[in-house]
Each structure stands twice: as structure tokens, then as C-alpha cells.
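Visitor: Structure in C-alpha cells, see below.
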Amino acid sequence: MNKELIINSSSDGVEIALLEDKKLVEIHNEKMDTRWAVGDLYLGKVRKIIPGLNAAFVDVGFEKDAFLHYTDLSPYVKSIIKYTQEAVNNNDNQFDFSKFQTAAEIVKTGKISEVLNGKPTVLVQILKEPIAAKGPRLSCEISLAGRFIVLTPFNEIVAVSKKIHSGEERKRLQKMMESIRPKNFGIIVRTAAEGKSTAELHEDLLTLVENWQNIQSNLKGALAPSRIMSEESKTTSILRDLLSEDFNKIVVNDKKIFDLTLSYLQRIAPTKANILSLHNTDQDIFDQYGITKQVKSSFGKTVNLNSGAYLIIEHTEALHVIDVNSGFKSVSNNQEENALQTNLEAAEEIARQLRLRDIGGIIVIDFIDMKLPENKKKVQEALDEFMKTDRARHSVLPISKFGLLQATRQRIRPEVNINTSEDCPACNGTGKITSTLLLEDEMEKKLAYLATHGHKNLQILVHPIIHSHLTKGIFSSILKTWKRKYKIKLKSIPENNSHLVEYKFLDEQQEQIKL
């Protein structure tokens, strides 16, 4: 799989698109004034304790107090509170964390009122960004992510990713990290560490320990609420988490971001520095790499599939609903086979949509009804397989007797929502139409379907502007290309009464073909 990262910088912020085999799978927006990013560390002040929820509300400077539940406190929260007070009041620049005396762990079934008694100031980490009317969600499970390991202060546990399947490799990594682990730090070995040398892992560890020392320095004399450490930019965090041998291109249109990215690559993966390039042509970077068109076809209520099937994606406060429709094309005369093939195609696109839109929470998918249990199982397993590349934690349940599949996906940020409609020129903006950028592709799909079903002499009625677009060029018009490609007779007829994106296919008898 070839992966490409296309980075578009503008006055509003930075847009980052991740392509896998030229297909858009993730898009991130990083505003210039972004705060409250997942992973940021804050010195917060406990404002209110709610015993009924076993939770507290903490002031971290957001317009609404952030939410901290007992289950997110960390067993070592007493150590964190003690450390926070010592670090804030510390006048000694030689404060040695290895000599810090940890406090007793808390029990899993305790009460938050007993732990946060006195409403102390405490070091917290953003677990979820503000979503809708809710403030950020916090955690006291402090963790610092590197490329190969995650550093967890206040505990002394070494854990190895379960995705590393080799028992020998897991033992090697466990033993190695035990030997180099600093006192009062725990370590989680990430999947990317598989096969890496002691020197590479030790360098990653030293970088994270240095970050912790910077946090310690920033805490000195700090007043709550205040930000103590900001997560890396989205560009570097994506590279940190995803950079692999599959990456073959990173393109940036801003010299400053190019220099920062180059510096980061030279530090974490010098052999990959040559895949970075600076986009310096007049053409928009997202247009050149086909991202604009993919965005317009991938967002919105309706998502069309190559076969003619389509998805309807609806959102509510509680859950997301996806309806699979077969459209106008039939694979065969076997209804069960048609349903299976459409559902398998839909499963791949649904996995992409969840990742692309960053949809989280409960998802209910209404697949086309299938009778055979083995076919239902095939669709569930296919969705599971397609979601393996998704970094967010997720769970997929079997299809129920009502034909519904339930899934959950980790939600840590607001959903990506891009408006793909544009003002209709026929009604001066009083209505909305599908983007004209996709009209040509949509017409060709239906034309291909008609050609394969025996229609050899067709007319297409379109708005005069679209007629001009289709017939432009004496020898190389779109219409002539279609005629040669599908070996049919095809004529475009301008119709003044048509809306801009309205079109009709007529057969040899001048009768409209319903699709």
C-alpha cells in the first residue's frame, strides 16, 4: 500500500490529507488558534465534585469546566497531585524525578470525593476535545507518545503491544526496555518498535524523558488554569504514528512547514527525508492531487459507490445511521448474490467513511437484507478487515436478525463535516444542488451501465452550458471520447428548460430511460 501525505497551508490554518493508494482516507484541519488538542497537558483547578456521577469538573481555562471521571483518574492520581504541588512550589532547579516518593495507589471502586478532597490543582491531560456543547474530557493517566514507545510517569510497568505477534520479539523488547527504563517511569512498547535496535528505542526514550523535564520546568510557579505542554502539530503527530516503509510521498506548499517537517524526518527517520518535497506551482495543491474532487464526492448525506449503489449517512445526537441502497445496477439475477456483492462493496466504503469523517460513538448500519447466515458473516468479517487500518479503537458486532449491524468507534474529536453543496445558479442561491464537479463522472457511470445493457443509440438532454462542455473540441470532446469508449451512437441535445445539473437519457424511440 502506497501512502501519501499532502499538506495545504493557508491563512486559516493547515489541511492535511492522507492518501492510501491515491484514495483519500483521512483529512485533518489544524486551525492557527487551535487549543484543547488531545494529548495537551494542563494545570487544572478542581471546581466542583459531583458524588452522584463519581466525577469532578475541572477549570482548565475553557469556557466550560472540563469533565474528569473517577475511571480516568489513574491508580497513581495521589502521586500526580503530590508531584503537581511539589513541582509548582519547587525553587530548586535540580528537582530529581527519580527520587520522587510515590504515594499509595487508589482502588478501582473508590469515590472521587475522597481522592480530590480539598479541590486541589492537578496536572491533567486532554482525553477528548470539546464536542458540541460539552467541555473537554480529562484524564490523569499521563502519557507521552513517541514513535516507538509511550512513556507513562508514576508507574514502573513495561507493557508490549499485543499487535506484535512474535513471542520471541515480545520477550526481547520487554527485556530491553526493563534494562533501560528510568525510575518512576513506565513504558508501553508500540507496534512500530518491532525489529528496532536498543539504540533506536533508547533515543526515543531519552527524547520523551526530556519532554517530561520540560513539563516539570513549565510547572514551576504556574497558576491554574494554564497550559503546561502542547501536543505536537498534527503533521508531526501523523508522521509519528503512521510513518512506515509504505510512505512514498509527502508534499507541502509552505516553506516553513516544509523546514519543520524535514527537521522532524531527519530526526526520527533520516532515510525517509528524501520523500518530502515542496509544492511550488500555481495550481492548488489539493486540486493537483485530486483531493478536492474526492472531498466533494465523499462528504454529504449521500455517497455514491462505483457500482451504482449508494449510502445514506444520517447523524443524530445519540448515534449515526448508515443505510445501504442497491441503486440501479444488478450484478446478476440472483437476489441474494446481488445483496452480498453490494454489501461487501458498501462495507469497504463505510470503513473509509468512518475514518475520513472521524465518526465516533454508536454506528448502526442497515445493510441490504440477506437470508443466508454465512453471507451475513462474510459482510461482518469484511467490515472488520477493512477497519484494521483505523487507528481509533472500534468494535463490530454480528448482523442482527433485523439486518442491522452495530459498531462503536472511539470519539475523541468533533466529527469532520464539510459542506459539499454549492449555490444553485438557476435559482440565485435559494436552493442547493450536488457539486457540478461530479456531474461528468455520474453521467459516464450511467452511460456505461446503459451500454452494457444493449443500448447502442442514445441521446442525452442537458442544459446548454453542459452541452457546450460535453461537445467542446472538434476531435477530442467528452462526447466523442464516450462514443469511442463504449462503441455507441450518442448525441447531446441542449434543452433550455433543464436545470444546470439535470440530464435525461433517451432511447432510439425518443423515450426517456428511467435509471
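Visitor: Here are the criteria: (1) without any contact (Cβ under 8 Å) to a residue 60 or more places away in the chain; (2) more than 20 Å from the chain's Cα centre (by Cα); (3) part of a helix (DSSP H, G or I). Tell me which single one THR207 does not satisfy.
Guide: Condition (1) is where THR207 drops out.
Visitor: Further, regarding this structure: If a residue must be crowded, with 20+ Cβ neighbours inside 10 Å and of a type in the set (Ser, Thr, Tyr), how many such residues does the range 134-178 contain?
Guide: 1
Visitor: Evaluate the following for SER244: is it open to solvent by 30 Å² or more (accessible area, probe 1.4 Å), on the phi < 0 side of the Ramachandran plot and at pLDDT 85 or above?
Guide: Spelling it out, it is not the case that SER244 is open to solvent by 30 Å² or more (accessible area, probe 1.4 Å), on the phi < 0 side of the Ramachandran plot and at pLDDT 85 or above.
Visitor: Just for the range 140-182: of the residues that are charged (D, E, K, R) and farther than 20 Å from ASP241 by Cα, which one is nearest to the chain's Cα centre (by Cα)?
Guide: Going through the qualifying residues, I end up with GLU169.
Visitor: Across the range 387-407, what is the number of residues that are part of a strand (DSSP E or B) and crowded, with 16+ Cβ neighbours inside 10 Å? Steps first, answer last, please.
Guide: To start, the set of residues in the range 387-407 that are part of a strand (DSSP E or B) comprises 394-396, 404-407.
Next, from what is left, pick out any that are crowded, with 16+ Cβ neighbours inside 10 Å: 394, 396, 405, 407.
Residues in the range 387-407 being part of a strand (DSSP E or B) and crowded, with 16+ Cβ neighbours inside 10 Å: 4 in total.
Visitor: Where in the range 18-132 are there strands (runs of 3 or more DSSP E), lying wholly inside it, with at least 2 residues that are open to solvent by 40 Å² or more (accessible area, probe 1.4 Å) and in contact (Cβ under 8 Å) with a residue 12 or more places away in the chain?
Guide: Numbers: elements: 23-31, 41-50, 55-59, 66-69, 121-128.
Ranges flagged: 23-31, 41-50, 66-69, 121-128.
Visitor: Here's something else I'd like to know. Would you point out the residue of the range 291-306, among those that are out of contact with any strand residue (DSSP E or B) (no Cβ under 8 Å at 6 or more places or on another chain) and open to solvent by 30 Å² or more (accessible area, probe 1.4 Å), that is nearest to MET443 (Cα to Cα)?
Guide: Looking at the filtered set, the residue picked out is ASN306.
Visitor: Search the range 327-353 for residues being of a type in the set (Ser, Thr, Tyr) and open to solvent by less than 50 Å² (accessible area, probe 1.4 Å), and hand back the single one that is nearest to LYS445 (Cα to Cα).
Guide: Per the stated criteria, the residue is THR342.
Visitor: Quick check on my filter: what residues within the range 181-223 are open to solvent by 50 Å² or more (accessible area, probe 1.4 Å) and in contact with a Ser or Thr (Cβ under 6 Å, 6 or more places away or on another chain)?
Guide: LYS183, ARG190, THR191
Visitor: Answer yes if at least one residue in the range 315-326 is open to solvent by 70 Å² or more (accessible area, probe 1.4 Å), closer than 26 Å to MET443 by Cα and either at pLDDT 85 or above or assigned to a loop (DSSP other than H, G, I, E, B) (or both), and no otherwise. Before you say what the answer is, go through the steps one by one.
Guide: Going through the range 315-326, the residues open to solvent by 70 Å² or more (accessible area, probe 1.4 Å) turn out to be 315-318.
From what is left, the residues that are closer than 26 Å to MET443 by Cα are none.
Within the range 315-326 (the criterion being open to solvent by 70 Å² or more (accessible area, probe 1.4 Å), closer than 26 Å to MET443 by Cα and either at pLDDT 85 or above or assigned to a loop (DSSP other than H, G, I, E, B) (or both)), the answer is no, since none of the residues qualifies.
Visitor: Another one. Working only within the range 354-386, note down all residues that are open to solvent by 10 Å² or more (accessible area, probe 1.4 Å), outside any helix (DSSP H, G or I) and of a type in the set (A, V, I, L, M, F, W, C).
Guide: Within the range 354-386, ILE362, VAL364, ILE368, MET370, LEU372 meet the criteria.
Visitor: Consider ILE228 carefully, then state whether it is of a type outside the set (D, E, K, R), more than 25 Å from the chain's Cα centre (by Cα) and in a strand (DSSP E or B).
Guide: On the way: of a type outside the set (D, E, K, R): yes; more than 25 Å from the chain's Cα centre (by Cα): yes; in a strand (DSSP E or B): yes.
Spelling it out, ILE228 is indeed of a type outside the set (D, E, K, R), more than 25 Å from the chain's Cα centre (by Cα) and in a strand (DSSP E or B).
Visitor: Quick test of your reading of the structure: ILE49 fulfils all but one of (1) modelled with pLDDT of 85 or more; (2) closer than 30 Å to GLU349 by Cα. Name the failing condition by number.
Guide: (2)
The values are calculated or read from the model by the stated rules, or taken from the named source; none is laboratory data. What you see is a predicted model; the values in this text were computed from it and never measured. A quick note on method: Cβ atoms are made from the backbone with ideal geometry, for glycine too, and the neighbour counts reach across all protein chains shown. Side chains are part of the model used for accessible areas, which takes the heavy atoms of the whole protein and leaves out ligands, DNA and RNA. Shrake-Rupley method; radii C 1.70, N 1.55, O 1.52, S 1.80 Å.
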